[in-house]
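Reading through the structure tokens given below for one structure.
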Amino acid sequence: MKLRVQCDLHFQVDTATALILMLRPLSGAQQRITQSSYLVEPDVKITESKDSYGNFRQRLVAPVGKFSVRTCAEVITTEAIDSAPGANFVEIQNLPNPILPFLLPSRYCESDRFGDLARKIVADALPGYDQVSKITDWVRHSIKYIPGSSDAPLSAVEVHQRGYGVCRDLAQLGITLCRSISIPARLVVGYLYQLEPMDMHAWFEAYIGRRWYTFDPTQSDLRGGRVIIAFGRDAADVSIFHQFGSGCILNTMDVQVNLLTDTL
């Protein structure tokens with residue numbers, strides 16, 4: 001399917017402020033970018049580079065006054081998501097080196113504190129894909145998904161204690177439980193077609209059977225129409241924007257995902 005995705009950010013800037021943004025979708029095996037634009041108003045210099053995970057990041061200094069960023073892309077992506085019940089667990093000694101960072105505890109995913117719970121959840125599941133499916137189902141049924149219920153990222157411990165959260169929170173708890181039983185997992189941020197309410201979305205991927213598979217605790221059916229912007233260990237790696245200082249306020253963010261063609 002072919003989608004047009006768009007994100008508009010509108011800031012009020014009281015003091016010239018350095019921003020690091022992560023808003024341009026990736027091209028790769030899961031999706032192909034056919035057209036993209038990146039507009040800022042007023043016009044300022046933008047420097048783009050890639051981070052250690054291969055995500056595009058943009059650096060700029062927002063001037064005083066009203067400042068806006070508009071990104072738009074046309075993307076060919078899949079209508080369905082691969083699943084592989086029974087796919088095997090990959091032993092740690094056989095993991096490729098680039099996968100190892102996604103096995104360790106990180107700022108918002110304290111996987112060294114969830115081993116007992118994770119082992120209880122997956123007690124009757126085959127090692128690998130089936131364990132991650134059990135974890136995803138447990139998060140979906142145990143943590144209430146409430147869009148807009150938290151602004152700042154929460155750790156897995158905090159989400160577990162609260163019992164509710166936004167998509168990012170549920171994904172990070174799933175990641176934490178996977179890592180606690182030695183399954184590498186990473187956070188993904190992007191767009192999801194027909195998400196309600198429409199916004200940026202977060203889900204996670206787990207490394208099983210020598211490849212990454214998609215899991216989403218907020219959705220009862222694992223559907224396609226996903227456009228990836230970035231992935232990382234947790235929310236600290238994939239924020240769509242970082243500001244430095246207090247002189248810049250995000251007033252509004254508008255996200256749109258529209259279907260251009262459903263078959264190609």
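What follows draws every value from the coordinates through simple rules; no lab data is involved. Remember, it's a predicted structure, so these values are computed and weren't measured experimentally. Heads up, the Cβs are rebuilt from the backbone with ideal geometry, glycines too, and the neighbour counts pull from every protein chain shown.
General observations
- Computed over the stretch 92-237, Cα set: Rg, Dmax in Å: 13.9, 42
- Between helix 129-142 and the chain: long-axis angle, C-alpha atoms, 0 to 90°, nearest 10: 70 degrees
- Between Ser27 and Leu117, the C-beta separation translates, for a Förster distance of 35 Å, into a calculated FRET efficiency of about 0.40.
- Cα-centre dipole for the stretch 1-111 with unit charges at Cβ (Lys and Arg positive, Asp and Glu negative), debye to 20: 280 debye
- Of Gly163, Ile181, Ala202, farthest towards positive along the dipole that unit charges on Lys, Arg, Asp, Glu beta carbons give the stretch 92-237: Ile181
- Put in order of Cβ neighbour count within 10 Å, fewest first, the listed residues Ile175, Ile46 become Ile46, Ile175.
- Considering only Thr47, Phe89, Ala62, the residue lying farthest towards the positive end of the dipole of the stretch 19-131 is Ala62, judged by Cα position with unit charges set on Cβ.
- A Förster radius of 22 Å, combined with the Cβ-Cβ distance separating Lys66 from Gln6, puts the computed FRET efficiency at roughly 0.70.
- The long axis of helix 167-180 is offset from the longest Cα principal axis of the chain by roughly 40 degrees.
- For the chain, size of Cβ-based charge dipole, Lys and Arg +1, Asp and Glu -1, in debye: 380 debye
- In the chain, the alpha-carbon atoms span a convex hull of 124 Å³ per residue.
- Result for the chain in a Gaussian network model with C-alpha springs under 10 Å: among Val159, Val122, Val44, the largest mean-square fluctuation is at Val44.
- The order of Ser27, Ser142, Ser106, going from fewest to most other C-beta atoms within 10 Å of their C-beta, is Ser142, Ser27, Ser106.
- Antiparallel bridge percentage (DSSP; both residues within the stretch 20-166; nearest 5): 90 percent
- From its DSSP helices (H runs of at least four residues, each -39,500 (n - 2.57)), the chain gives a residue-normalised ellipticity at 222 nm of -5000 deg cm²/dmol.
- The Cβ shell under 14 Å around Leu3 holds other residues with a net charge of +2, Lys and Arg each +1, Asp and Glu each -1.
- Beta bridges from DSSP with both residues in the stretch 127-225: antiparallel share about 85 percent, rounded to the nearest 5.
- Here the Gaussian network model covers the chain, with springs between Cα atoms less than 10 Å apart; of His160, His141, His201, His141 fluctuates the most.
- Counting Lys and Arg as +1 and Asp and Glu as -1 over every other residue whose Cβ lies under 10 Å from the Cβ of Val75, the net charge comes to +3.
- GNM flexibility winner over the chain from Leu154, Leu170, Leu39 (Cα, springs under 10 Å): Leu39
- Student exercise, the stretch 92-237 dipole from Lys, Arg, Asp, Glu Cβ charges, in Debye to nearest 20: 280 debye
- Label separation (Ala84 vs Lys50): 2.3 nm, computed from points 7 Å beyond Cα along the C-beta direction.
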